[in-house]
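Read the structure below first, then the notes.
We did not get these values from a lab; they are worked out from the coordinates using the rules stated. In this text, all values refer to a predicted model and were calculated from it rather than measured experimentally. When we count neighbours, we look across all protein chains shown, and the Cβ atoms used for this are built from the backbone with ideal geometry, even at glycine.
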Amino acid sequence: MLFGPHLRVVRDNITVSPPHKLVREGGPCTRVMGLLQERSPELEVLQVGAKHRSPAVGALISDAVCGFSRLVIVNFDPFALSWRALVHLGSLNSLQTLYTYLPPLTLEAEAHSPSCMFGGTAYFPSLREIRLTHKEGLAPCAVVLALIRSPHLHTVTIRSGTRRTPVGDPASLFAALGTCPAAPVIQHLTIDIPGVRNNAEIPTSAFRPLLALRNLAAFSLNTPAPLGADDAFLHAAAAAWPLIAYLHLGITPPDADHSKSTPPVRVTLEGVVDFLRRSPQVHTLGLSFATCAKSLPGALRKACPAGRGATQAQLRTLNVGCSRIEREDVPRVAAVLSDVGPGLQGVWSGWQCEYECESDDEDEDEAADAPVLRIPLENGVWLAETAMRARWGRVKRYISMFVGVRQQEREWASGRGMKLVMPDDIGA
């Protein structure tokens, strides 16, 4: 590798396993970093990747980073930078992109802990994109987010590396996002939480700080943890996020059996319809919601008030996660969704089964009509999951059929100069 004063970009991928062999005294990685600091102090892009994390490599890179003062893009995923290195990067006016793992909050001496950063007033002043990962939860990520002073931050990705994320971590993270100076300009937010300790619910109150992200266009919360978000939150989100176009809220299927007791889903079909009517830019929506019959009348009224069809023209994809649906509600739910989203092209669910019933209409209808019993099929898949998956497949088919029939009615009436009669006009 040729180093020199004009070198601006270095991208490397460590393939040696285990990677710590490279950082022995006099090892190749140690020599490369030394030469890089000596001969290329104006480096702007530094990207080092590997298949395996190594504390030794992370420590070496952390020391080397402190020797560069003009970095614009730093990507050290999957290595953890030291807090000392993060303090240095936070002081750079040039840094715009940062991808890294974070160390534990108590790993290093107090002099290099994040608390020392609070004395500054302009950490990460030019940051535009950040991706932070911590293997034991979200707390260190929340600390770093609270220190960002850039008014230009538009893309944020946060990842927890454990299925036992501490219960309070999501709320702390959301609070840090909602209060950071960049909150009004963040456009893309992705949060991955593989699980919360004791399968605890993330309450509605935890989500409220996110309403400060007024410029949000895409939000993906990937987690199997139960969510406390309800219709009231969706209503508030529609008002707070006028540009929202992509929203996924916790539709990752849990590893546990779906039949086990979990907190009830608080979002209803009526709430989904209300959100879509108030969010004209949404093209992709993913969330679990209740399709119980008692919420259908309200949903029907909001989807098609007085028969005049308040539609959301942009909606193309709906992922219902592990939403349950009763056999008799299939055509009703399809009617509601076809009214509010006539352009809907895909309806997907998180119900898993090896029995691919959707490939054959007869098999799909038979599975959809089956009672939900915990009777194992020959391939070990519960009939309940097969039935749910098939019912949502039928919803998808019905939507296109209903939209087609309505379109034919309009064309037929228009061709004959007839005026469509609305339900509230009858008997007037």
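Could you sort the peptides 56-64, 312-320 by per-residue average Cβ neighbour count (10 Å cutoff), highest mean leading?
Numbers: 56-64: 20.9, 312-320: 18.8.
Highest to lowest by the protection proxy: 56-64, 312-320.
Where in segment 196-232 does the amide nitrogen come within less than 12 Å of the point 7 Å from the Cα of Gln281, taken along Cα to Cβ?
214-219
Name the residues whose placed amide hydrogens come within less than 5 Å of the amide hydrogen of Ala245, ignoring near sequence neighbours (fewer than 5 apart) on the same chain.
Ala218
Kindly state, to the nearest 0.05, the FRET efficiency for Arg316 paired with Glu42, given R0 = 30 Å and r defined as their beta-carbon distance.
Efficiency, from the Cβ-Cβ distance: 0.05.
Just subtract the alpha-carbon distance of Arg397 and Ser205 from 0.36 nm times their residue separation and send over the number in nm, one decimal.
Extending this stretch completely gives an extra 65.4 nm.
Under the classification rounded if a/c is under 1.5, otherwise prolate if a/b is larger than b/c and oblate if not, where does segment 172-229 fall, given a ≥ b ≥ c as square roots of the Cα gyration tensor eigenvalues?
In terms of gyration-tensor shape, prolate.
Which order, highest average first, do 186-193, 384-391 follow once you tally other Cβ atoms within 10 Å for each residue and take the mean per peptide?
Working: 186-193: 19.1, 384-391: 24.6.
Result, highest mean first: 384-391, 186-193.
Starting from the Cα of Glu411, step 7 Å along the direction of its Cβ; do the same at Arg11; then give the gap between the two resulting points in nm.
4.9
Which order do the peptides 165-171, 284-290, 198-204, 336-342 take when ranked by the mean count of other beta-carbon atoms within 10 Å per residue, highest first?
Ranked by mean Cβ neighbours within 10 Å, highest first: 336-342, 284-290, 165-171, 198-204.
How far apart, in nanometres, would the label points at Gln352 and Arg164 be if each is projected 7 angstrom from Cα along the Cα-to-Cβ direction?
2.2
Under the Karplus relation 6.51 cos²θ - 1.76 cosθ + 1.60, θ = phi - 60°, what is the ordered set of whole-Hz ³J(HN,Hα) values for segment 31-39, x standing for Gly and Pro?
Whole-Hz 3J(HN,Hα) from phi for segment 31-39: 5, 4, 5, x, 5, 4, 5, 6, 9.
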